[in-house]
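Here is the structure we will look at.
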Amino acid sequence: METIRGRLTAWYSIALVGTLAAFAVVLYVTRRNASFEDLDRRIQSEAALSAGILAESYGSRGVLLVRDTLIPELAAVLEAIPDFLIITHADGRVLFASSDARATFGAFEQLTSLVKSAAGGRAAGATWITPNGPAVRYVVRPLTGAGPQFGAVLAGASTQGAELGLQQLLSTLVVMIVIGVFPAVFVGRWIAQRALEPVDQIITEVREITDGRSLHRRLAVPMVRDELGRLAETLNQMMTRLERSFAALRRFTADASHELKTPLTVVRAGVERAITRPDVPQETLAALEETLQEVNRMTELLDSLLTLARADEGRAELHREPVDLRAIVAEAGETGDLLADHAGVAIEIRTPPQPLVLAVDRSRVRQLLLNLIENAVKYTPRGGNVSVQLGASDGEVRLTVADSGIGIAPGDLPHVFDRFWRADSARTRTGERPGAGLGLAISKWIVEAHGGAIEVQSRPGRGTTFTVTFPRGDA
């Protein structure tokens, strides 16, 4: 079971079936004991009744035997007693056996050995296991008031009736347990679903809090102050702390980026003035040019950080207007041509003949395209090619930037849109492919801010393809 709901259903069903089984065992054992106790009381009463009849007859008649046989009148009276009844002589011979006893155990004289073995048993509650018939519960009672010729009276009854009732009870319990499994599963699943319904609601609400911009949302706290209520309160407290931390981080990033732009502008202006002086030595000029490159790189980094910080705070507004995307692609393609020529890479721009007009922020979409094209050129070796294609299908505008470069490893693909993440971290500043790792993060924000989506597909050594889709509803 992979879900708590499934495990709770299984546990509830097992517990219910186990309870029913335990109840069935207890009921069966109790009923069995009660049945055999009733049977013992009945045969004890029959034995006492028979002994009383013999004692009373002996007191009134004096002689009860004629040639080692009960007189007919007494035999007829004893025959009326139900179940099995056997009267024995003092020496163990059988003097009388009821018709049920003879039918069960055989001829009159064949009972002698059985009676002798029974006479040595318990006074009550013993059982005969007959070879071909049912088991017999019996009791042996000495005949002390019927004269010296009588030994004992043995009263018994077949256990078949009691066992038949127990078998019917057992069958009923088994059927009840088997049938009870299905309601147990159904009821268990219903109980588990009702019990875990607040958990599903918490999961749904937490899933909707996808990033730092939605940390202001809070979970609904149940009125009942149970475990789920405390869980919701704890999650709300955690999100409050996270919201404060994210807000402090965004403020710091925005403030730091803003405050550093002014001194960098002053430094760049000073370096540019120094470079224009004719008396600057060649060694100093090279150092100044390198410094200017670093200043420009830091300025671009600060601009990117400020853009992302404003986007996180929701203050990066989009100035949408209906624009033909072909013009933006062509404009970005011109810059891409310069980058591709410098890198020795061929670039191809393909746009449809008909206009594709969407309501977008022109400068942001151009920044998106330049980021993707710059990345494609940067990671494509000399002699490779880059393809930019614009088209529309299925109610969407699709923009594709593909290259034949070094590709991205499968383990790196989930991180390409993370901030400051680079697959080749060893080449961040002065290597072949400098960069800060913020371009794709900004591109993702631009696409999502326009209601679109961006995907990446790549294989090491076979190039990378970025696909951007915008809904036509924005037109």
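Here the gap between Ala195 and Val25, fully extended at 0.36 nm per residue and compared with their Cα-Cα distance, gives a gain of 58.0 nm.
Legend: calculated FRET efficiency, Thr291 to Arg218, from the Cβ-Cβ distance at R0 = 60 Å, rounded to 0.05, equals 0.75.
Scoring 357-368, 71-82 by mean Cβ neighbours within 10 Å over their residues and listing the highest first yields 357-368, 71-82. In terms of surrounding Cβ atoms within a 10 Å radius of their Cβ, Asp200, Asp403, Asp279, Asp100 rank from fewest to most as Asp279, Asp200, Asp100, Asp403.
Extension gain for Phe182 to Ser393 (0.36 nm times residue separation, less C-alpha to C-alpha distance): 70.8 nm.
If you average 1/r over every pair of different alpha-carbon atoms in region 1-99 and take one over that average, what Kirkwood value in Å do you get?
Averaging 1/r across every pair of different Cα atoms and inverting gives 18.0 Å.
On the basis of the beta-carbon distance and an R0 of 25 Å, Glu227 and Val174 show a calculated FRET efficiency of 0.05. Distant-in-sequence amide contacts of Ala135, defined by a placed amide H-H separation under 5 Å and a gap of 5 or more residues or a different chain, comprise Thr130, Thr159. Just check region 320-474 against the gyration tensor rule for me: Cα atoms, a ≥ b ≥ c as the square roots of the eigenvalues, rounded for a/c under 1.5, and otherwise prolate or oblate depending on whether a/b exceeds b/c. In terms of gyration-tensor shape, prolate. With a simple spin-label model that places each label point 7 Å from the Cα along the Cα-to-Cβ direction, the separation between Ser45 and Glu331 comes to 11.1 nm.
Answer rounded, prolate or oblate for region 2-48, using the Cα gyration tensor with square roots of eigenvalues a ≥ b ≥ c: rounded when a/c is under 1.5, else prolate when a/b is larger than b/c, else oblate. Prolate is the answer for region 2-48, as a/c is 1.5 or above and a/b outweighs b/c.
With both labels modelled 7 Å from their Cα along Cα-to-Cβ, the Ala55 to Thr299 distance reads 12.9 nm.
If amide H atoms are built 1.01 Å from N in the plane of the peptide, which residues on other chains or at least 5 residues away come under 5 Å of the amide H of Ala97? Those lying under 5 Å, H to H, from Ala97 are Ile87.
Would you order Lys378, Lys444 from fewest to most other beta-carbon atoms within 10 Å of each residue's own beta-carbon?
Numbers: Lys378 17, Lys444 20.
In order of increasing Cβ crowding within 10 Å: Lys378, Lys444.
Label region 133-180 by shape, choosing from rounded, prolate and oblate, from the square roots a ≥ b ≥ c of the eigenvalues of the Cα gyration tensor; if a/c is under 1.5 it is rounded, and otherwise prolate applies when a/b is larger than b/c, oblate when it is not. It is prolate, given that a/c is not under 1.5 and a/b is the larger ratio.
Applied to region 272-288, the Karplus parametrisation 6.51 cos²θ - 1.76 cosθ + 1.60 on θ = phi - 60° returns per-residue 3J(HN,Hα) values of 5, 5, 5, 5, 6, 6, x, 8, 6, x, 4, 5, 5, 5, 5, 5, 5 Hz, with x for Gly and Pro. Shown is the FRET efficiency for Phe252 and Leu318, computed with R0 = 25 Å from the Cβ-Cβ distance and rounded to the nearest 0.05: 0.50.
Where a number appears in this text, it was derived from the coordinates with a stated rule and is not lab data. No experiment lies behind these values; they were computed from the predicted model shown. Glycine gets a Cβ as well: all are built from the backbone with ideal geometry, and neighbour counts include every protein chain shown.
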